[in-house]
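The values are calculated or read from the model by the stated rules, or taken from the named source; none is laboratory data. The model shown is predicted, which means the values in this text are computed figures rather than measured ones. Glycine gets a Cβ as well: all are built from the backbone with ideal geometry, and neighbour counts include every protein chain shown.
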Amino acid sequence: MKEKVFFIKTDEKESDDLRCKKLKEFLVSQKILNFIDENDMVAVKSHFGEKSISGYVRPLFLKMIGELVKEQKGMPFLTETSTLYKGNRSNAVVHIEHANKQGFGFNETGMPIILADGLYGDEEYEIKIPGKLYSAVNIASLIGKVQAMIMISHFTGHMIAGFGAALKNMGMGCSSRKGKLIQHSTAKPKIKPGDCTKCEMCIKWCPADAITMNEDSAFIDKDKCIGCGECLAVCRFYAVAFNWKATYEDLQKKIVEHAWGVHKANEGKNIYINFLTRISKDCDCMDKYEKICPDIGIVVSNDAVAADSASLDLVEKTSGKKFSEMGHNIPYRFQIDYAAELGFGNPEYDLIPV
Ligand code: SF4
Ligand code: SF4
């Protein structure tokens, strides 16, 4: 049986105000949030972006969703988790400060921000899953304590995951620090000394201070490296090598198993809303923005795998290209294919225009 995926079409010229109005009309008319019960704690998971130029979902959408949750008598709050690397999202204090600067404060969204993995990103909840890689995964502790989740994801490219949407927002975005480290554990790059020009760009960007300059080339300390892949993205001389075969398949499968844990924590009380707008080559964690596709719309489903599958198809149909020709040139379907193989979600869908 196919999953229902609702599709709210937008175009380039449409304002965010109009998009928000259309999304609200759909959510209300179809009673999409009626699964929320009185006094449910409802985690609204999104991403606060890096810089205002990037494509993250803007606060007005979250405000509207929070208001609808309150109409259901639920208790909504915004949530996120700490990053593995140092920066303005690496613990709860700096992350909340950053979110406020980005316009996600209580005055703008009507919701408090509560980090799902605690002050330092280490508060976790181990949830059992019937995975092929893991029998249990480490997700942020708060995800195991709420009664419902609304997963708001911005569709983007990603240098290792291929693309990021609901599954990545859950798998990576809702894991504890330990869960994130486990997912990145095999993605350790190497520098090719013959290609390195010693420009030091990778050193500037490495969030883990894992790169130093040797006499001939940059050098990566594997013990410090967290496998984020940023050195690969910023090296213009193709001097950073990844074992891609081991990396992209491995990471994408690990993301899916962690996402399954997040889904299972509140099974039946999750909704997935993917924004196919301001679609960028890299994820919203990056301090750069390169738009790669015209704005398409917003998809909504009870099934994360169907939501991502439909999103990817819509992007490829709109652009007339394979996603690997638009984003990073790597295999990008492991997340969807592996989720289907596990029995977590359904990539087959009926697209219902609204
Ligand atoms: S960015 Fe590339 S070329 Fe520059 S120092 Fe790093 S590895 Fe070498
Ligand atoms: S992948 Fe590259 S940028 Fe990321 S931590 Fe390792 S060395 Fe640093």
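Kindly indicate whether E267 is in the same structural domain as F163 (by TED's automatic domain parsing), more than 12 Å from ligand 1 (Cβ to nearest atom) and free of Cβ contacts under 8 Å to residues at least 60 places away in the same chain. Against the criterion (in the same structural domain as F163 (by TED's automatic domain parsing), more than 12 Å from ligand 1 (Cβ to nearest atom) and free of Cβ contacts under 8 Å to residues at least 60 places away in the same chain), E267 qualifies. The single condition among (1) outside the structural domain of Y56 (by TED's automatic domain parsing); (2) within 16 Å of ligand 1 (Cβ to nearest atom) that M159 does not meet is (1).
Kindly check whether there is at least one residue in segment 44-55 that is part of a strand (DSSP E or B) and buried (at least 18 other Cβ atoms within 10 Å of the Cβ). Lay out the reasoning, then the answer.
First, the residues of segment 44-55 that are part of a strand (DSSP E or B): 44-45.
With the extra rule that they be buried (at least 18 other Cβ atoms within 10 Å of the Cβ), the set shrinks to 44-45.
The answer is yes; a qualifying residue exists.
Taking segment 174-203 as the range and being within 17 Å of A136 (Cα to Cα) and either within 15 Å of ligand 2 (Cβ to nearest atom) or crowded, with 20+ Cβ neighbours inside 10 Å (or both) as the test, the residues that pass are C174, S175, S176, R177, G179, K180, L181, Q183, H184, S185. Can you confirm whether segment 212-228 contains a residue that is within 16 Å of ligand 1 (Cβ to nearest atom), outside any strand (DSSP E or B) and within 16 Å of the chain's Cα centre (by Cα)? Checked against the condition, which is being within 16 Å of ligand 1 (Cβ to nearest atom), outside any strand (DSSP E or B) and within 16 Å of the chain's Cα centre (by Cα), segment 212-228 yields at least one hit.
Name the residues in segment 288-318 that are of a type in the set (D, E) and in contact with a Ser or Thr (Cβ under 8 Å, 6 or more places away or on another chain), would you? Spell out the reasoning first.
Taking segment 288-318 first, the residues of a type in the set (D, E) are 290, 295, 303, 308, 313, 316.
Those that are of a type in the set (D, E) and in contact with a Ser or Thr (Cβ under 8 Å, 6 or more places away or on another chain): E290, D295.
Is it the case that segment 247-257 has a residue that's in a loop (DSSP other than H, G, I, E, B), assigned by TED's automatic domain parsing to the domain that holds I127 and in contact (Cβ under 8 Å) with a residue 60 or more places away in the chain?
Initially, segment 247-257 is screened for residues in a loop (DSSP other than H, G, I, E, B), giving none.
Among the residues of segment 247-257, not one is in a loop (DSSP other than H, G, I, E, B), assigned by TED's automatic domain parsing to the domain that holds I127 and in contact (Cβ under 8 Å) with a residue 60 or more places away in the chain, which makes the answer no.
Among the residues of segment 16-62 satisfying the criterion of being modelled with pLDDT under 95 and hydroxyl-bearing (S, T, Y), which is nearest to the chain's Cα centre (by Cα)? Filtering first and then ranking leaves Y56. Remark: K86 matches the filter, which requires a residue to be within 16 Å of ligand 2 (Cβ to nearest atom), modelled with pLDDT under 95 and of a type in the set (D, E, K, R).
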